[in-house]
Amino acid sequence: MAMGHGEQLSRRRMLAAGALTGAAVAGSTLWSPTRASAATTPAIFYSPHQDDEALGLAGSILEHRAAGRPVYLVLVSRGENDALARKMNQDPCPMTTEASRHPCAAGGHHGLSWPTDGASMIVPARTAEFMASAKALGVDKVINFKLKDSPYTSVDTYNRFVTSVKAKVKALAQQYPGASHKFTAGWLEETDTHKALSDAAYYLLEEGVLRDVRFNYVYAYDKPRSQRADGAAYVLNIPAAHMAIKRKAIYCYNTWAPDRDLYALGYHSVPEKMESAHEDPREFVFTLPSAYRPGRIRH
Ligand SMILES: [Zn+2]
Ligand SMILES: [Zn+2]
């Protein structure tokens, strides 16, 4: 889809705002929950990677908080990404050569020489962005499953990952009876890590361990705007005040502040998704399809 000149300008404004607001949001390195809310059962949101919560869960998180529910946010995978490490090591930044559609928050020069094992530097830095985002969203608790993000490598690894997710979700379900569980709509999202979370939810629903389960379609923003709600059980129209907070969460992924471990990794990784989610004040909530088929996505 062609982008108008006005839209390019508004994107640049978003980036400028992001650099400032994200930095302010992430200003404190230590963070502890501020609300103790044992009175009601929590809504537990599962983010497969660092960024999914800002892209497609944030509005729903804020909706539940506004309703007085404690909100727990789970980071499921460690988010290893060797390609992203190699991208960040390039000088000048490849984003500067993409016709400036996605300007680099570091001005095109990162000055990094990170290991490209995909884990060291990348995992802590992506997690720093996630923690800043969680803080912006005001969640009551962050839980980090720290699972190796490897379900795409083989069927066996995929199945082991599903088993690990199942066990950890089940433990939370037992620890917080009556909690609602919010995953992403992995069967629509074309990554094995996301699909594995949906599979875990599917099996736990079948076993009666989970009852109240929803799925936010976080990759909806890849689609044309008019098609994003297709098939959704519920479209959340995010109120302006909440959308402002969701955008702050997104800015945490486009903030260049190496002194606080913030390297704008999320934006360097999925700039189009970040821009589309930033522009669309909706989230798309699904229930599990009746013809749901668990299993790894075919490659
Ligand atoms: Zn993801
Ligand atoms: Zn860059």
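The residues neighbouring Val162, those whose beta-carbon lies less than 14 Å from its own, together hold a net charge of +2 under the Lys/Arg +1, Asp/Glu -1 convention.
Just in the range 167-243: which GluC sites (Glu not before Pro) are loop by DSSP and have at most 14 other Cβ atoms within 10 Å? Loop-located and lightly packed - Glu190, Glu207. Normalised size of the chain, defined as Cα radius of gyration per 2.2 N^0.38 Å with N residues, equals 0.96. Of all lysines in the structure, those lying under 17 Å Cα to Cα from Lys166, and not within fewer than 8 positions of it along the same chain, are Lys146, Lys148, Lys182, Lys195.
The antiparallel fraction among DSSP beta bridges confined to the chain stands at about 30%. Taking a point 7 angstrom from the Cα of Lys170 along the C-beta vector, which residues in the range 199-222 have backbone N less than 15 Å away? So the set is 199-211.
Based on Cα contacts under 8 Å between residues 6+ apart, the range 38-286 shows a relative contact order of 26 percent. Working note: 222 nm ellipticity from helices only, DSSP H runs with n ≥ 4, each -39,500 (n - 2.57), summed and divided by the residues of the chain, gives -12500 deg cm²/dmol to the nearest 500. Just to confirm a number: summing +1 for Lys and Arg and -1 for Asp and Glu over residues other than Leu188 whose beta-carbon lies under 12 angstrom from that of Leu188, what do you get? Taking every other residue near Leu188 into account, the sum is -1. Here is the result for the range 192-291: no chymotrypsin sites (Phe, Trp or Tyr not before Pro) lie in DSSP coil with at most 14 other C-beta atoms within 10 angstrom of their C-beta. Electrostatic bookkeeping for Val285 treats Lys and Arg as +1 and Asp and Glu as -1; over the other residues with beta carbon under 9 Å from its beta carbon, the sum is +1. What pairs from Lys135/Lys246; Lys223/Lys273; Lys135/Lys248; Lys168/Lys273; Lys246/Lys273 go past 19 Å between their alpha carbons? As for pairs spanning more than 19 Å Cα to Cα, those are Lys168/Lys273. With respect to the chain, whose longest principal axis is taken over its alpha-carbon atoms, helix 155-175 is tilted by about 70°.
To the nearest ten degrees, helix 240-251 and the longest principal axis of the Cα atoms of the chain are 70 degrees apart.
Every number in this text was worked out from the coordinates using simple rules, so none of it is lab data. Being a predicted model, the structure only gives us computed values, none of them experimental. Neighbour counts are summed over all protein chains in view; Cβ atoms, including those assigned to glycine, are modelled from backbone coordinates with ideal geometry.
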